[in-house]
Every structure is written in structure tokens, then in C-alpha cells.
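Some notes on the structure that comes next.
The values are calculated or read from the model by the stated rules, or taken from the named source; none is laboratory data. Since this is a predicted model, take the numbers as computed values, not measurements. All Cβ positions, even for glycine, are placed from backbone atoms using ideal geometry, and neighbour counts span all protein chains on display. For accessibility, only protein heavy atoms count, side chains too; no ligands or nucleic acids. Shrake-Rupley method; radii C 1.70, N 1.55, O 1.52, S 1.80 Å.
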Amino acid sequence: MKSFKDFIPLLHAKVDPLLYGVYPLSIHTSKGTTLFIAKDKKKKVLVSVGPSVGLEGEQTAIDGKQVVIGELNAANADVLKKVFPFTAPRRVLKKERTIGVGDRLGIASPGHIRVFKEFDAFPILAQQSIRELFLTNRTYRDVLDAATFAVFQEGFKKGYGADGDHLKKYEEVKMALELGFTMITLDCSEHMHNEFESMSEEKLQSSYVCDAALEKEYMNKSFEVANGVSVHFDEISFKRMVMTYKDVLDFATSIYETYFKDGTYDADLEISIDETSTATTPDEHFFIANELTKRGVEFATLAPRFCGEFQKGVDYIGDVAQFEKELIIHQAIATHFGYKLSLHSGSDKFKVFEIFGRITKGKFHVKTAGTNYLEAMRLVALRDPSFYRELHTFALSAFDEVTQYYHVSTDITRIPDISTLSDQELVKLFEHNDSRQLIHITYGPILNKKNEDGSFMFKDRLYDLWSVYEDQYSDLLFGHIKRHLYQLYRNIKG
Ligand SMILES: [Zn+2]
């Protein structure tokens, strides 16, 4: 292939940049300097042609022009954000429709972006939990920079967000905000006292403490919310609820007051109470929203624990009619207080997307989770079946170790024995729930496993393959995420 260096003298001629390894949509000009991303052999480089804009890298002159060839690193991401502000994340969570896609591997955003050029929803391209950072050996900085380079490469100017996902600690929230994340999903699960939900009445009565004003306000009272929906608090359920959630309220209020109230950081807050085993009841949802509002906490979205199961990488498990019935009430509460509902672990939940789009009247946040990794592994099965066999065998051996991190009902004995499958049949494993979940949750060991000499057993080979077939990876992601949005949008005006 010709080199991007041959392209530079032809920059403004009508030639196909792709022939030179230049990403055509990445060509942007500011004050007489043109910047673009090119693939130089296996590696991507950021190139500036013209008066320096401050890129770090190899300085040279081509065809009498000043040229800098830089790496896709943090310093150069900062330059891009300054010169082309559309490459920095923005607050988008208050837009009508937002979708968290995340990019576990740092290579998925180009495919995701293509979807958001077709639909009006705003993407949260960077969305990583601390657990995922830990398991992929990335930093929040890497996650943000990957998004910056991807929007530059794809010329995506609509705006995107960055989510410090499921953060639980003050220092985590602070770190994400200081790096420029534009949304924080505050995971309140460590402050939720679920033991009160199933406690005997007698024991509950003896441990119960509450201030009289709160009792007076709620106990044996009903509240009207939107659309004729009302919630009622009887004595016992009120006491259970106060004991379960009072620390959640204090925690969320304190985080809000510490980091959000004075507007130092340009970011939105999502309250997440979904990481628990029992579904959030309408009165719990109302109580939390009402109390946070009274305390002056402003939040853009709230993620209740919806009924049924939202397991990683597979469709919704549960009673769809019940989900719809409860969603109507949750939505009425959200409408009453003026925020959007947020649906977590939303990848592949095709049974409920139409309902979610319709009942929320198209005002929603949906987080997909790691489905981009599954598509990356599908690509391996399509392109290098023998490598896939190696990975699959290793994943089976690592399965027990990872189930501590994820709630899944995977039964690995139901996964077809790959020695009985032809190379062409391997990709069918991605239609099979147990093998999907197996692959979905074993990314940590797969990416981290090392040989005796300290080199990675799989990681470098994987990234090489993903780089060679990056267009096909984008196609797979585009098709897969588009199916999600198609269902979500089907009846949003209904
Ligand atoms: Zn969640």
C-alpha cells in the first residue's frame, strides 16, 4: 500500500485518501493546518500538515510543508480537544434520547458512531466501570482519549458524552470529573440495606428509627403523580423502606453537594439503585426521588431495578407484561419529578426495547454493556477459527474465576463441544445464550493471561486481528447496535 506520506502532496487533489491509509472522514483543517489520522502499517498515527498546532511527535517536511507525525496518546488528544472542540465529551444526558455504548477495548467507537449518524440519539461513547478498568488494565484517561480519537477519525460533530459508570466512592467520582467525564453514574448499592426488606415485622419494629417529620409526611399517606398514578405508604412498608434507603439518600446528597452543587464540573448525575436483587417498588422509587428533590439534589436520570432479569449479553428474562405494567408507574414518577429513566445492562434486551421506547415516549437513557466485546470475538470466530478455538477453550477454564464478578445463569455444560463444530459453525455459538455469556464475562482473563516469558498469551494477537479487520468489526457493531435502536424507536410517538 502507498504511504500516507505520498498523500500529503496530493492533500487537496481529488484522490481517494483510503488508498494511502488515510481515514477520509478524519481530514480536518483549522487555521491553515490540516490534521488527519492514518494507518501506518499496523499502527494509527495523527498527522498535522502546516503550521504547528502543538502535536507531539516526529517533525519533518514533505513537499515543502511542515509535518508532524504523532502517536494517538494523551498529549495529542489534548491538542485535538483544543483545536477541534467537537472531539471533547459534552453534557448530553439531558437530551431526549441517550445511549451508553461504551468501548471496552478502545476500538469500538467508529462502528458505534455510524449508528448515531443515522439516529438522533446522543451516544455516551466512553462508559466504563471501575471493574471493567481493572479487568482490562486501562485507565479512565485511555478510555476518554479513545473516544476523542474515534470522533475525530469519523468526523462526528454532533456531540457525545463520557460516563464514569457505576462509581461508588468519593475519590472515584472526583477522579472522573477532573478528567472531564460529563456524567457520573452513582452506584448507591453499598449504602442500601436490603436486609430490612425481608426482615420479620417484629425485628423491623425494634430496629426502626426515623425522624417524626418524615413519618408524618409519608406514613399512611398517598401521593398523586402523573397520569392518574398514585403511590401509598402503609406503616410496615414505609418502615422497611426508610431503613433500606436512608443511607442511600445521605450518600447521594453528600456526593451531590461535594461535587455537583457549585457547578465546578460540567457534568450530569445519574442515581443508580439497580444493583440489587429485588425490583424497586413504585413507593421506593417515589420516596427516593421525592427526598432527593427536597434536599435539592439535581439529577438527570435514575436507574431503578426493573423486574425480571437483565443478564449480560442475553435477552430479557422475565414477564414482559409485568415489566410494562411496572414501567408505566416508574415512568409516571420520573415524569412527575422531571428526569429520565435509565435502563442498565441493556444490550440485547430485544423483548423490552419497544416497550421501553413507547412508555417513556422516547425520553430515555439505555446503557448497553460490553456487547461490543462479543462482536469483537464473533469477528475472531469468522476470521480465524483456530484462534477462536484456543480462546474458547481457555474461556471455559477461566469461567469459575469470573463468576464472582457477574450475575449470570450460564450453564457451561449446555455449550456445544467445539470439537464437534466445523469452522463455519463456530459463529453459531454467538446465537447461543450460554456461550454468549461465557465469552462475555471472561474478557478479563483472556486479555490479561500471560505466557511464561511475560508476553500476553492472547491480547496482542487479538488486537492485531481486530486492526486488520477493523472495517468488518465496524460493520458488525453497526448492524448489532442499529437493531437495538430500531426497536427502541419503533413506537416512540405512540
Ligand atoms: Zn447498573
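Using DSSP to call loops (not H, G, I, E or B), can you name the trypsin sites (Lys or Arg not before Pro) in the stretch 113-169 whose Cβ has at most 16 other Cβ atoms within 10 angstrom?
On the way: sites: R114, K117, R131, R138, R141, K157, K158, K168, K169; in loops: R138, K157, K158, K168, K169.
Of the trypsin sites (Lys or Arg not before Pro), the ones in loops of the stretch 113-169 whose Cβ has at most 16 other Cβ atoms within 10 Å are K157, K158, K169.
Need one number: nm distance between label points at N137 and Q404, each 7 Å from Cα along Cα→Cβ, rounded to one decimal.
Once both label points are built, they end up 2.0 nm from each other.
Any idea what the relative contact order of the chain is, in percent, if you count C-alpha pairs under 8 Å spaced at least 6 apart? Provide the component values of the computation, followed by the final result.
Values: 865 pairs, mean separation 63.4, N = 494.
Computed value for the chain: 13 percent relative contact order.
Could you state the angle between the C-alpha long axis of helix 470-489 and the longest principal axis of the C-alpha atoms of the chain, as a value from 0 to 90 degrees rounded to the nearest 10?
30
Given the Cα-Cα distance of S222 and D266 and 0.36 nm per residue of separation, how much length would full extension add, in nm? Let's see the in-between values first.
Numbers: separation 44, 0.36 × 44 = 15.84 nm, distance 3.69 nm.
Length difference between fully extended and current span is 12.2 nm.
On each of the three principal axes of the Cα atoms of the stretch 372-480, give max minus min coordinate, whole Å, ordered largest first.
Ordered largest first, the stretch 372-480 gives principal extents of 36, 33, 27 Å.
Once the convex hull of the alpha carbons of the chain is built, what does its volume come to per residue, in cubic angstrom?
Spread over its residues, the Cα hull of the chain gives 168 Å³ apiece.
So for each of 466-475, 414-423, 401-410 I average, over its residues, the number of other beta carbons within 10 Å; can you give me the resulting order with the highest mean first?
Details: 466-475: 16.7, 414-423: 12.0, 401-410: 14.5.
Going from most to least packed, we get 466-475, 401-410, 414-423.
For the stretch 321-396, what is one quarter of the convex hull surface built on the Cα atoms, given in nm²?
Details: hull surface 26.7 nm².
So the mean shadow area of the Cα hull is 6.7 nm².
Please give the contour-minus-distance gain from D411 to K94: 0.36 nm per residue of separation, less the Cα-Cα distance, rounded to one decimal in nm. Kindly include the intermediate steps, with their values, before the conclusion.
Values: separation 317, 0.36 × 317 = 114.12 nm, distance 3.96 nm.
So the extension gain works out to 110.2 nm.
Express the accessible area of the stretch 372-480 per residue in Å², computed with a 1.4 Å probe while the remaining protein chains stay in the model.
Details: 5020 Å² over 109 residues.
Using a 1.4 Å probe on heavy atoms only, each residue of the stretch 372-480 averages 46 Å².
Can you check how the C-alpha radius of gyration of the stretch 43-94 compares to 2.2 N^0.38 Å, as a plain ratio? Could the numbers behind the result be given before it?
Working: Rg = 13.1 Å, N = 52, 2.2 N^0.38 = 9.9 Å.
So the stretch 43-94 has a normalised radius of gyration of 1.33.
Where the centroid of each part is defined by its Cα atoms, how far is the stretch 109-155 from the stretch 172-230 in Å?
So the two Cα centres are separated by 32 Å.
How long are the semi-axes of the equivalent ellipsoid of the stretch 133-225, taking √(5λ) for every eigenvalue λ of the Cα gyration tensor, in whole Å from largest down?
Numbers: eigenvalues 368, 65, 26 Å².
Calculated on Cα positions only, the semi-axes equal 43, 18, 11 Å.
What does the convex hull of the Cα atoms of the stretch 194-268 come to per residue, in Å³, rounded to a whole number? Before the final figure, lay out each step's value.
On the way: hull volume 10.6 nm³, N = 75.
Dividing the Cα hull volume of the stretch 194-268 by its residue count gives 141 Å³.
Return one number: the angle in degrees, 0 to 90 and rounded to the nearest 10, between the long axis of the Cα atoms of helix 282-294 and the longest principal axis of the Cα atoms of the chain.
On a 0 to 90 degree scale, this one is about 80.
With +1 on each Lys and Arg Cβ and -1 on each Asp and Glu Cβ, and nothing else charged, work out how big the dipole of the stretch 372-480 is about its Cα centre, in Debye to the nearest 20. Numbers along the way, then the final one.
Values: 10 positive and 18 negative charges, 29 e Å.
The dipole magnitude comes to about 140 debye.
Determine the per residue accessible area of the stretch 102-150 with all protein chains present and a 1.4 angstrom probe, expressed in square angstrom. Walk me through the numbers before you get to the answer.
Values: 1340 Å² over 49 residues.
Ligands and nucleic acids excluded, the figure is 27 Å² per residue.
How big is Rg to Rh over the stretch 2-83, alpha-carbon atoms, Rh as the Kirkwood inverse-mean-distance radius?
Working: Rg = 11.6 Å, Rh = 12.6 Å.
Result: Rg/Rh = 0.92.
Compute the helix-to-body angle for 109-118: its Cα long axis versus the longest principal axis of the chain, expressed 0 to 90° and rounded to tens.
Between the helix axis and the principal axis of the chain, the angle is about 70 degrees.
Over what distance in Å are the Cα centres of the stretch 421-435 and the stretch 36-80 separated?
Value for the Cα centre distance between the two parts: 42 Å.
Going toward the positive end of the dipole of the chain, with +1 on Lys and Arg Cβ and -1 on Asp and Glu Cβ, which of L204, M243, T420 do you reach last?
Of L204, M243, T420, it is T420.
Determine the dipole magnitude for the stretch 98-226: charges of +1 sit on the beta-carbon of Lys and Arg, -1 on that of Asp and Glu, nothing else is charged, the reference point is the Cα centre, and the result goes in debye to the nearest 20. Before the final figure, lay out each step's value.
Details: 14 positive and 22 negative charges, 131 e Å.
I would put it at about 620 debye.
How much of the accessible area of the stretch 182-261, in percent, comes from carbon and sulfur atoms when a 1.4 Å probe is used? Write down the numbers at each step before the final one.
On the way: 1820 of 3820 Å².
Answer for the stretch 182-261 is 48 percent, counting heavy atoms of protein chains only.
List, in the order given, every pair from K82/K363; K82/K168; K31/K82; K168/K340 whose Cα-Cα distance in the structure shown is over 24 Å. Intermediate values should be presented prior to the final figure.
Details: K82/K363 32 Å; K82/K168 31 Å; K31/K82 13 Å; K168/K340 21 Å.
Long pairs (Cα-Cα over 24 Å): K82/K363; K82/K168.
Can you give me the accessible area per residue for the stretch 2-83, using a 1.4 Å probe, in Å²? Could the numbers behind the result be given before it?
On the way: 4210 Å² over 82 residues.
Heavy-atom SASA per residue in the stretch 2-83 reads 51 Å².
Carbon-plus-sulfur fraction of the accessible area of the stretch 372-480, 1.4 Å probe, in percent?
48
DSSP loop GluC sites (Glu not before Pro) in the stretch 37-83 with at most 15 other Cβ atoms within 10 Å of their Cβ, which ones?
Numbers: sites: E56, E58, E71; in loops: E56, E71.
Hits after loop and neighbour filter: E56, E71.
Given the pairs K349/K493; K14/K42; K361/K482; K169/K349, which span a C-alpha to C-alpha distance of over 22 angstrom in this model? Display every interim value, and only then the final one.
Details: K349/K493 20 Å; K14/K42 26 Å; K361/K482 19 Å; K169/K349 29 Å.
Beyond 22 Å between Cα atoms: K14/K42; K169/K349.
Roll a 1.4 angstrom probe over the protein heavy atoms and tell me the percent of accessible area of the stretch 2-83 that is carbon or sulfur.
On the way: 2300 of 4210 Å².
With neighbouring chains kept in place, the figure for the stretch 2-83 is 55 percent.
In percent, how large is the relative contact order of the stretch 1-120, given Cα pairs closer than 8 Å and 6 or more residues apart?
Working: 148 pairs, mean separation 17.1, N = 120.
Averaging sequence separation for qualifying contacts and normalising by length gives 14 percent for the stretch 1-120.
What number comes out for the charge environment of N491, summing +1 per Lys or Arg and -1 per Asp or Glu over other residues with Cβ under 13 Å away?
On the way: positive: R358, K361, R490, K493; negative: E324, E354.
Every neighbour counted, the sum reads +2.
Using the Cα atoms as the points, what is the convex hull volume per residue of the stretch 343-385 in Å³?
Working: hull volume 3.1 nm³, N = 43.
Spread over its residues, the Cα hull of the stretch 343-385 gives 72 Å³ apiece.
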